[in-house]
1. Angle, helix 166-179 long axis vs. longest principal axis of the chain, Cα atoms, 0 to 90°, nearest 10?
2. For Cys99, which sequence-distant residues (separation of 5 or more, or a different chain) have an amide H within less than 5 Å of its own amide H, given hydrogens modelled in the peptide plane?
3. When Lys and Arg each count +1 and Asp and Glu each count -1, what net charge do the other residues less than 10 Å away from Ala144, Cβ to Cβ, add up to?
4. Which order, highest average first, do 389-398, 33-42 follow once you tally other Cβ atoms within 10 Å for each residue and take the mean per peptide?
5. Please give me the summed charge of the neighbours of Val384: other residues whose Cβ is under 15 Å from its Cβ, Lys and Arg +1, Asp and Glu -1.
6. Between the range 339-401 and the range 210-271, how far is it from one alpha carbon centroid to the other, in angstrom?
7. Can you give the relative contact order of the chain as a percent, counting alpha carbon pairs under 8 Å and 6+ residues apart?
8. When you count, for each residue, the other Cβ atoms within 10 Å and take the mean per peptide, how do 214-227, 328-341 rank with the highest first?
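Computed from the coordinates by the stated procedures, all read-outs in this text should not be read as laboratory data. Note that the coordinates shown come from a computational prediction; the quantities given were computed from them, not determined experimentally. Here the Cβ positions follow ideal geometry from the backbone for every residue, glycine too, while neighbour counts run over all protein chains shown.
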Amino acid sequence: MFSLLVLGALLGSALASPLITPVGPMDLFKRISSGCSTSGPASCHNRTTQSNLCCFESPGGLLLQTQFWDTNPSTGPSNSWTIHGLWPDHCDLTYSENCDSTRDYTNISGLLTAQGASSTLSYMQTYWVDINGQNEQFWEHEWATHGTCYSTLEPSCLPNGSPTGAEAVAFFQTVVKLFQTLPTYTWLSSQGITPSTSATYTYSTLASALKTASGYTPALNCDGSTLDAISWYFNIKGSVIDGTFVAIDAPQSGSCPTSGISYPPKSGSATTTGGGPTGGSLPSKGTIKAIESSGSTVGGLLSAGTWSTQTLATYTFTGTTSSFTMTTSKGNCGVSSGTFSCGSGVSASTFSAVTSGSNLLVAYSGSTAFTSDAVPSGSVQETVYTGSSHAQDYTPVIVGS
């Protein structure tokens with residue numbers, strides 16, 4: 001890891017609103033479930049000793065989603081940063097590495113394919129690539145060096161009957177999903193900062209632009225004065241498998257100088273492709289349809305907030321994808337004791353959204369997981385619950401009108 005991660009004072013930044021990790025309808029593979037709640041304290045913010053480290057990440061509770069901007073040689077799409085990894089630093093900015101050599105899995109491609117995560121592998125082959133073309137060795141290194149150090153990914157934390165390597169599959173799935181919510185290239189571009197052979201920037205200009213676009217300040221790292229890496233910081237509620245990532249400002253600056261920073265364009269083999277991380281936009285009005293993990297659409301939400309196959313209600317959305325409220329003809333929409341509803345006596349809750357493929361997914365407290373007791377049919381309406389505690393999982397998707 002960068003030496004900058006070893007130094008500095010204890011992390012004391014307050015929790016901010018969570019960035020969302022999409023569990024979306026484009027995922028045609030099965031994901032294991034941790035069975036952990038996300039209602040407890042975030043990592044590094046517990047006030048009492050946590051005994052169940054399958055559901056509370058420790059000691060590596062300060063998570064960094066690290067990205068590369070490789071230009072010599074160019075690696076990955078020319079309009080996207082690429083994945084470096086997801087690192088579990090300790091809360092005091094120290095860290096552990098290579099925590100369990102017995103789980104240093106090889107042939108990551110085969111592992112992902114065998115366990116139904118071929119779409120994750122396909123994404124990695126574009127957006128998680130090694131500068132020297134050694135993707136397999138790169139993925140093996142990131143898992144062995146960092147992945148084996150997560151307490152919530154210990155094999156004993158997995159559901160009974162999980163195949164060997166299931167925790168590594170979950171790791172790669174989670175890293176991909178988190179990366180998809182962090183469109184560094186798009187965020188810089190939205191603030192007028194695009195790769196250039198001549199322009200230079202100050203550290204504060206780049207950091208401020210990213211904070212304006214994302215709501216949070218990352219750490220910027222340079223090779224000399226050339227911007228080539230970035231770290232987005234998080235705490236987590238629950239398990240790395242399916243927990244809620246809570247974004248925070250970087251506890252310290254990266255290695256880039258204060259001024260004269262270049263952000264050169266990619267060249268050579270890099271090509272512009274679609275499907276990278278994206279921020280999306282929120283319509284003012286629309287319906288909310290329900291998409292199951294298989295990708296099938298089954299009805300959507302009515303005006304009272306129930307799931308049904310009847311004619312969908314029109315929802316009004318106020319805010320942005322990072323923070324918005326919803327209303328229907330019945331009144332405010334909110335969540336109380338894990339139950340979603342809309343009505344005149346409902347206190348409005350704040351929701352978030354993220355783009356997954358062509359879909360805009362609804363999230364509450366950082367999770368796009370919603371459930372009901374059964375799939376509705378005919379005139380039957382099902383109560384909508386947040387999280388994954390009921391029998392039927394699905395994802396609410398906003399369709400603008």
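1. For 166-179 against the chain, the angle is about 90 degrees.
2. Amide H neighbours of Cys99, under 5 Å, 5+ apart: Thr148, Cys149.
3. Details: positive: Arg103; negative: Glu97, Asp100, Asp104, Glu140, Glu142.
In short, -4.
4. Values: 389-398: 19.2, 33-42: 17.6.
Ranking the peptides 389-398, 33-42 by packing returns 389-398, 33-42.
5. Numbers: positive: Lys289, Lys330; negative: Glu292, Asp373, Glu382, Asp393.
Spelling it out: positives minus negatives among the neighbours equals -2.
6. 31
7. Numbers: 961 pairs, mean separation 79.5, N = 401.
20 percent.
8. Output ranking for 214-227, 328-341: 214-227, 328-341.
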